[in-house]
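Visitor: Dropping a structure here in structure tokens format, bear with me for questions.
We did not get these values from a lab; they are worked out from the coordinates using the rules stated. In this text, all values refer to a predicted model and were calculated from it rather than measured experimentally. All Cβ positions, glycine included, derive from the backbone under ideal geometry; neighbour counts span all protein chains shown.
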Amino acid sequence: MSKRETLVENGTYNKNHGKVKEQRFANDDFYDPQDLAQVKYEMLRTARETERNIDEIAEKFGYSRAAYYKIKASFEERGVSAFVSGKSGPKNARKLTEEHQEFIDRYLAEHPTASSGSIADILHKERGLVINKRTVERYRSSRGRQH
């Protein structure tokens, strides 16, 4: 497995590595702009050890001033684990409870040609659940059903 593949797999691949302009990342093989954890750590270390302006430092490492402060706060709270992006977004279903999923399954058994939008509307009218049709589409896809 290549280093890039490993970085992607563990959530530390810097997809914006082309924005890193800090000189040491261009001149020293030890520093890898594709390594997100290394880039973030070196940005924070540079800010701590130099007199340079935060705007300048953030830009050299491919970030905005606001992103720098967010990264810094996250690091202070969680340490180096804050540098691992991990999977973004919700980790589990938040709106479609098991009860709602069963409702969708029953509804589809009775109305196999129903659209995801119409199912979302029915859930709103009958259950008071406000969801986007895309939520229903994702559920149907996970069950191997068409949209």
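Visitor: Considering the dipole of the chain built from charges on the beta carbon (Lys and Arg +1, Asp and Glu -1) around the Cα centre, which of Tyr69, Gly144, Met43 is farthest to its positive end?
Guide: With unit charges placed on the Cβ atoms, the residue in question is Gly144.
Visitor: When only DSSP loop residues count, what trypsin sites (Lys or Arg not before Pro) in the range 1-79 have their Cβ near at most 13 other Cβ atoms within 10 Å? List each step's numbers first, then the result.
Guide: Numbers: sites: Lys3, Arg4, Lys15, Lys19, Lys21, Arg24, Lys40, Arg45, Arg48, Arg52, Lys60, Arg65, Lys70, Lys72, Arg78; in loops: Lys15, Lys21, Arg52.
Here the trypsin sites (Lys or Arg not before Pro) that fit, given the DSSP loop and packing criteria, are Lys15, Lys21, Arg52.
Visitor: Mind checking which of Gln38, Gln101, Gln23 has the largest fluctuation in a GNM of the chain, springs on alpha carbons under 10 Å?
Guide: Gln101
Visitor: Now for a separate question. If the viscosity is 1.306 mPa s and the temperature 10 °C, what Stokes-Einstein diffusion coefficient in µm²/s follows for the chain when Rh is the Kirkwood radius over Cα pairs? Before the final figure, lay out each step's value.
Guide: Numbers: Rh = 18.7 Å.
Result for D is 85 µm²/s.
Visitor: Cα-Cα over 32 Å: which of Lys3/Lys70; Lys21/Lys70; Lys3/Lys72; Lys40/Lys133? Mind dumping the intermediate values first?
Guide: Numbers: Lys3/Lys70 27 Å; Lys21/Lys70 20 Å; Lys3/Lys72 26 Å; Lys40/Lys133 38 Å.
Over 32 Å apart, Cα to Cα: Lys40/Lys133.
Visitor: Sticking with this one: Taking the Cα centre of the range 3-83 as origin, sum charge times position over the Cβ atoms of Lys and Arg (+1) and Asp and Glu (-1), and report the length of that vector in debye to the nearest 20. Show your work: numbers first, answer last.
Guide: On the way: 15 positive and 15 negative charges, 47 e Å.
About 220 debye.
Visitor: To continue, here is another question. Return a whole-number percent for the relative contact order of the range 98-142, with Cα pairs under 8 Å and 6 or more residues apart as the contact set.
Guide: Working: 24 pairs, mean separation 14.8, N = 45.
Relative contact order for the range 98-142 comes out at 33 percent.
Visitor: Okay, moving on. Could you give the size of the charge dipole of the chain about its Cα centre, using +1 on the Cβ of each K and R and -1 on the Cβ of each D and E, expressed in debye and rounded to the nearest 20? All intermediate terms of the calculation are to be shown ahead of the outcome.
Guide: Values: 28 positive and 23 negative charges, 77 e Å.
Around 380 debye, computed over the chain.
Visitor: Just from its helices, what would the mean residue ellipticity at 222 nm be for the chain, if runs of 4 or more DSSP H residues each count -39500 (n - 2.57) and the sum is divided by every residue, rounded to the nearest 500 deg cm²/dmol? List each step's numbers first, then the result.
Guide: Details: 8 runs with 83 residues, N = 147.
One gets -17000 deg cm²/dmol as the mean residue ellipticity at 222 nm.
Visitor: Right, here's the next one. Towards the positive end of the charge dipole of the chain, with charges on Cβ (+1 Lys, Arg; -1 Asp, Glu), say which of Pro112, His100, Asn14 has the farthest Cα.
Guide: Pro112
Visitor: Check each of the GluC sites (Glu not before Pro) in the range 16-72 and keep only those in coil by DSSP with at most 15 other C-beta atoms within 10 angstrom; list them in order.
Guide: Values: sites: Glu22, Glu42, Glu49, Glu51, Glu56, Glu59; in loops: Glu22, Glu51.
Answer by residue number: Glu51.
Visitor: Full extension from Ser64 to Arg45: what is 0.36 nm times the residue separation minus their Cα-Cα distance, to one decimal in nm?
Guide: Numbers: separation 19, 0.36 × 19 = 6.84 nm, distance 1.62 nm.
The span from Ser64 to Arg45 would gain 5.2 nm if fully extended.
Visitor: What is the angle, in °, between the Cα long axis of helix 133-142 and the longest principal axis of the Cα atoms in the chain? Nearest 10 is fine, range 0 to 90.
Guide: Result, in degrees: 90.
Visitor: Still on this structure, I have one more. What shape does the range 3-83 have by the C-alpha gyration tensor, where a ≥ b ≥ c are the square roots of the eigenvalues, rounded means a/c under 1.5, and otherwise prolate means a/b greater than b/c and oblate the rest?
Guide: On the way: a/c = 1.80, a/b = 1.19, b/c = 1.51.
In terms of gyration-tensor shape, oblate.
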